[in-house]
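Take a look at the structure below.
The values are calculated or read from the model by the stated rules, or taken from the named source; none is laboratory data. Owing to the predicted nature of the structure, the values given are computational and were not obtained by experimental measurement. All Cβ positions, glycine included, derive from the backbone under ideal geometry; neighbour counts span all protein chains shown. For the accessible areas, the whole protein counts, side chains as well, though only heavy atoms, and no ligand, DNA or RNA atoms are used. Shrake-Rupley method; radii C 1.70, N 1.55, O 1.52, S 1.80 Å.
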Amino acid sequence: MWIVCPDPCEQVLIPMDISLKCFSINGSVSDPPMVPMDMDQEELNLKEDLLFYFMNPCDKYRARRQIPWKLSLQILKIIMVTAQLVLFGLSNQLVVSFKEENTMAFKHLFIKSYSGTDEDDYSRTVYTQTELTNSIFFAIDQYRQIKNISLGTIAYDTHEKHKGIRICKHHYRRGLIHPSNDTFYIDPTEETECLHIDQELLTSKPYLHEIPIMNSSFFKFEFYRLVKIEISFKLKGIDLQTIRVRELPDCYLFHNKIIFNNQAHSGKIKIFFDSDADIQDCRDWRISGSAQKNSHYVLVFDGFVILTCITSLILCTRSIILAVKLQKRFERFFLERRSRRICSSDRLEFINGWYILVIISDLMTIIGSIMKMEIKAKNLASYDVCSLLLGTSTLLVWVGVIRYLGYFQKYNVLILTMQASVPKVLRFCCCAGMIYLGYTFCGWIVLGPYHEKFEDLNTVAECLFSLVNGDDMFATFAQIQQKSLLVWLFSRLYLYSFISLFMYMVLSLFIALITDSYETIKKYQEHGFPATDLHEFMRGSDIKDNVDNFGKKPEKSVSFLSCCTRPCGDDDLILAK
């Protein structure tokens, strides 16, 4: 058994025989603390195991010379996971930029008179029948001569079963309207009629001029029945810019669709352009240089990341299993010796929430790394899913660093304050959320027709959240349309009451809750945290008069899953089995 006696300057570990003595740094010798006669070996062993379990890695090393493998592994994992994310992010940037730039190029190629700037969420609008038909035939003609006009590596999809361009018009089954007489008859059942123009026929220029004549019935639009027109076609391209960073190029299949939306029947047809890109395997490729060799190095590095995360996953899972066993052992001892059960907060003390966080992060990193390797090998193209997994796992890894800062009393204030304030803040947010939802629904239904920021529920919620943070206030007041005096007056009352209530009352109370928790934590750090059965047992409250080697002012910390406090290893004393 090892015993370190308290000393104001330094502490040492002295191996002891059966007769225990305490040696201080100045060389003086004193008798060890007296252990009560009624404390049997089982209780003593349990206390020592509990003390050792709740020690931080540095105390465990000083007590048993146990190397903090998990700490070292987490530091290594932070470096490797961050490096992996940076490499994937640089590669993903090329993919995103290639898709976005091609979409912009397609809009300029296939939308007649496109200005380069989208109008809200649509690209352009047409207001006359001539503009509509000209825009349709302009897109067809541009598709026909894409090889001659495009600056990119774009070509037709020769492996498509139905090559060419497809035009579909959606309209009501039948209808008859007379606006002058205020009469109409509409069957709202929507029908779809499609026209497929083969790619080989399009290359014949005379046929292009014959299209409206040969399909005159199709291109004769009854605009009071017309809902929308869709022009869809596929193009292929190769992203050669990845060669600059010594990576294999990607082959893309672009599913392009031009939509002429007339659902409002307001005389304004909105033109939307949608391009969805699929990454496919390049069928036959040959690259001279070191691009393929560089890909192999990245795959090897990803393999090391996976191995590191698997090791971390095993160690953290093992720690949780041992903690559960120690918890059951303590519960059984308390039930047999004290004839009562321990509280739920004491049981949660044994479940280290940081380990659970690490396990989730490791699983996401392993899955994301495997997907990244498949993407690198051009066997998979799920960039979004891989980015989600790797990004979230890296976030959790860096959040986990706070755990090690929590070992120092001056740096763990943020963790303790968050843990103490979260329950109160959640209850407060539930109450404030009811008021917030009420304002959201009210603003949507009343101000929606007169203000663009209140047109739909999602926009209303975002607008009100911005107002709570003091953003864009004047524009929100000024943009209300003054078509209705009643609505204008209501908007003033609505906005003034919301801003006053949430900025001056709700937000202030929210900050006050956190400040109160911070002051409470500071007070606890000075005078000690409230102790539970577990803490008293570890401190030996039942032998408090005889055992004085637990230090004068033990450092405290709070577990991740509960607001219950526990002593963490004294700097002046380490007693371990």
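Laid out as a table, the results:
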{"quantity": "Test result for Glu336, closer than 25 Å to Asn45 by Cβ and charged (D, E, K, R)", "calculated": "yes"}
{"quantity": "Ile351 being of a type outside the set (D, E, K, R), touching a residue at least 24 places away in the same chain (Cβ under 8 Å) and not in a helix (DSSP H, G or I)", "calculated": "yes"}
{"quantity": "Matching residues, the range 173-199, being under 30 Å from Gln142 (Cβ atoms) and either touching a Ser or Thr at 6+ places or on another chain (Cβ under 8 Å) or open to solvent by less than 60 Å² (accessible area, probe 1.4 Å) (or both)", "calculated": "Cys194, Leu195, Ile197, Asp198, Gln199"}
{"quantity": "Selected residue [at pLDDT below 85, closer than 14 Å to Met364 by Cβ and open to solvent by less than 40 Å² (accessible area, probe 1.4 Å)] from Gly400, Gly406, Gly391", "calculated": "Gly400"}
{"quantity": "Residue within the range 367-386 that is in contact with a strand residue (DSSP E or B) (Cβ under 7 Å, 6 or more places away or on another chain), charged (D, E, K, R), crowded, with 20+ Cβ neighbours inside 10 Å and assigned to a helix (DSSP H, G or I) present", "calculated": "no"}
{"quantity": "Residue check for Thr125: hydroxyl-bearing (Ser, Thr, Tyr), under 30 Å from Asp198 (Cβ atoms), modelled with pLDDT of 85 or more and surrounded by fewer than 16 Cβ atoms within 10 Å (Cβ to Cβ)", "calculated": "no"}
{"quantity": "Selection count, the range 387-407, where residues are assigned to a loop (DSSP other than H, G, I, E, B) and either in contact with a Leu (Cβ under 7 Å, 6 or more places away or on another chain) or among the hydrophobic types (A, V, I, L, M, F, W, C) (or both)", "calculated": "1"}
{"quantity": "Some residue of the range 73-88 being open to solvent by less than 30 Å² (accessible area, probe 1.4 Å) and under 16 Å from Ser382 (Cα atoms)", "calculated": "yes"}
{"quantity": "Elements of type strands (runs of 3 or more DSSP E) in the range 133-225, at least 2 residues being in contact with a Phe, Trp or Tyr (Cβ under 8 Å, 6 or more places away or on another chain)", "calculated": "164-178, 183-198"}
{"quantity": "Residue pairs meeting the criteria (Cβ under 9 Å; at least 6 apart or on separate chains; first closer than 19 Å to Arg427 by Cβ, in the range 512-523; second at pLDDT 85 or above)", "calculated": "Leu513/Lys424; Leu513/Val425; Leu513/Phe428; Ile514/Lys424; Ile514/Val425; Asp516/Lys424; Ser517/Lys424; Ser517/Val425"}
{"quantity": "So Met55, is it in contact (Cβ under 8 Å) with a residue 40 or more places away in the chain and in a loop (DSSP other than H, G, I, E, B)", "calculated": "yes"}
{"quantity": "Whichever residue in the range 230-245 is open to solvent by 30 Å² or more (accessible area, probe 1.4 Å) and over 27 Å from Arg144 (Cα atoms) and, among such residues, is modelled with the highest pLDDT", "calculated": "Ile243"}
{"quantity": "Which numbered condition Arg318 fails, given (1) surrounded by fewer than 13 Cβ atoms within 10 Å (Cβ to Cβ); (2) modelled with pLDDT under 80", "calculated": "(2)"}
{"quantity": "Lone unmet requirement of (1) buried (at least 17 other Cβ atoms within 10 Å of the Cβ); (2) closer than 30 Å to Leu240 by Cβ for Leu151", "calculated": "(1)"}
{"quantity": "Qualifying positions in the range 454-470 - under 26 Å from the mean Cα position of the chain (by Cα), part of a helix (DSSP H, G or I) and not polar (S, T, N, Q)", "calculated": "Leu457, Val460, Ala461, Glu462, Cys463, Leu464, Phe465, Leu467, Val468"}
{"quantity": "Residue list for the range 471-490, filter: surrounded by 13 or more Cβ atoms within 10 Å (Cβ to Cβ), at pLDDT below 90 and in a helix (DSSP H, G or I)", "calculated": "Met473, Thr476, Phe477, Val487, Trp488"}
{"quantity": "Subset of the range 409-439 that is in a loop (DSSP other than H, G, I, E, B) and open to solvent by 20 Å² or more (accessible area, probe 1.4 Å) - its residue that is modelled with the lowest pLDDT", "calculated": "Gln409"}
{"quantity": "Single residue of the range 294-315 satisfying the filter (at pLDDT below 85 and not β-branched (Val, Ile, Thr)) that is nearest to the chain's Cα centre (by Cα)", "calculated": "Leu299"}
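This table checks each residue for (1) closer than 30 Å to Cys282 by Cβ; (2) among the polar types (S, T, N, Q).
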site	(1), (2)
Phe333	no, no
Arg338	no, no
Cys343	no, no
Tyr355	no, no
Leu363	no, no
Ile367	yes, no
Ile370	yes, no
Glu374	yes, no
Ser382	yes, yes
